[in-house]
């Protein structure tokens, strides 16, 4: 017996929904080119010390974040979906090869929509496996952190 | 800075590696057509009461298993990779839309390789996020269960 495809609603979601004053082409480049990603992806004074991007479903998305006091935080993950200048989905749940990672903490679902005047609607949804993970992410500073990174993204994309 | 793509080795893996006396085309059909899947996917006397297959990365893979004493066990998941007659990767970690599921228990990585005489090498790897999940899966009867299902798969595929 077959049945209609089900639809589900994410439960443990943190959302950033903004209009950025930069064209979608530049924002896409900032997300997908390692040398550009490194310049905006972490709220300063944190930095991205290394980035690896293999831009295809299952391909690697790795960043090494470095903090002002010498902290080093690696983030291993993969892309789940790549729709150029439309949508990018990543997760820390896998290493390349669909190998389960150290944890399944979250999925980042990023949508881009070109708007009039060279602006872009930028919708970032962080979907977590548990309510506890979502709370933890919020307490770590999701809202100020992702907003500060989006400011840096906007500023960089305007220069491209 | 970019670096070479990393490779990782799965840690918590249960493996079934067999040669099935049936052609790969039939085995692929048994895995990907709901009406065929229902006939072999559960070791009898358990049955698949419902199956939904949306055969593409991110597409739904759902089965409802029913037991001899009226048990009902739904399994929600998606496909991660679809290489016709070569490889099929699924996980229970997501609902369609890359929405985090109730749990991230395992990834099933199934490889098919055509061999001489209409036989098929059938390699099934169940990769888990934790050692605890792997142990639990083994205690639930991974080895006898997946072997019995593979027997049913072989018998059905030979009739196609």
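Where a number appears in this text, it was derived from the coordinates with a stated rule and is not lab data. Fair warning: this is a prediction, and the values are worked out from it, not measured in the lab. Here the Cβ positions follow ideal geometry from the backbone for every residue, glycine too, while neighbour counts run over all protein chains shown.
Before moving on, here are some points about what is shown:
- Helix-derived mean residue ellipticity, 222 nm - over the protein assembly as shown, DSSP H n ≥ 4, -39500 (n - 2.57), to 500: -8000 deg cm²/dmol
- Residue of chain A with the Cβ closest to the rotation axis carrying A onto B, and that distance rounded to whole Å: A:104, 2.
- Partner chain coverage, peptide A:51-60 - average Cβ within 10 angstrom: 3
- Where labels lie 7 Å past Cα in the beta-carbon direction, separation of residue A:9 and residue B:73 in nm: 3.0 nm
- Rg over Rh, two decimals, the protein assembly as shown (C-alpha only, Kirkwood Rh): 1.02
- Across peptide A:88-97, the mean count of Cβ atoms from other chains lying within 10 Å of each residue's own Cβ comes to 4.
- At 1.306 mPa s and 10 °C, Stokes D of the range A:106-160 from Kirkwood alpha-carbon radius, µm² per second: 125 µm²/s
- Dimensions of chain B based on its C-alpha atoms, expressed as ranges along the principal axes with the largest first, amount to 55, 42, 30 Å.
- For residue B:111, label point 7 Å along C-beta direction: distances to other copies, nm: 3.8
- By other beta-carbon atoms within 10 Å, ranking A:55, A:153 with the fewest at the front produces A:55, A:153.
- Going from the residue with the fewest nearby Cβ atoms within 10 Å to the one with the most, A:40, B:46 rank B:46, A:40.
- Estimated inter-spin distance, residue A:115 and residue A:47, nm [label 7 Å along Cα→Cβ]: 3.3 nm
- The range A:110-154 and the range A:19-74: distance between their alpha carbon centers, rounded to Å: 13 Å
- Each of B:89, A:78, A:48, A:19 has some number of other Cβ atoms within 10 Å of its Cβ, and from fewest to most they run A:19, A:48, B:89, A:78.
- Position residue B:45, label points 7 Å along Cα→Cβ, spacing to each other copy in nm (shortest first, one decimal): 7.0
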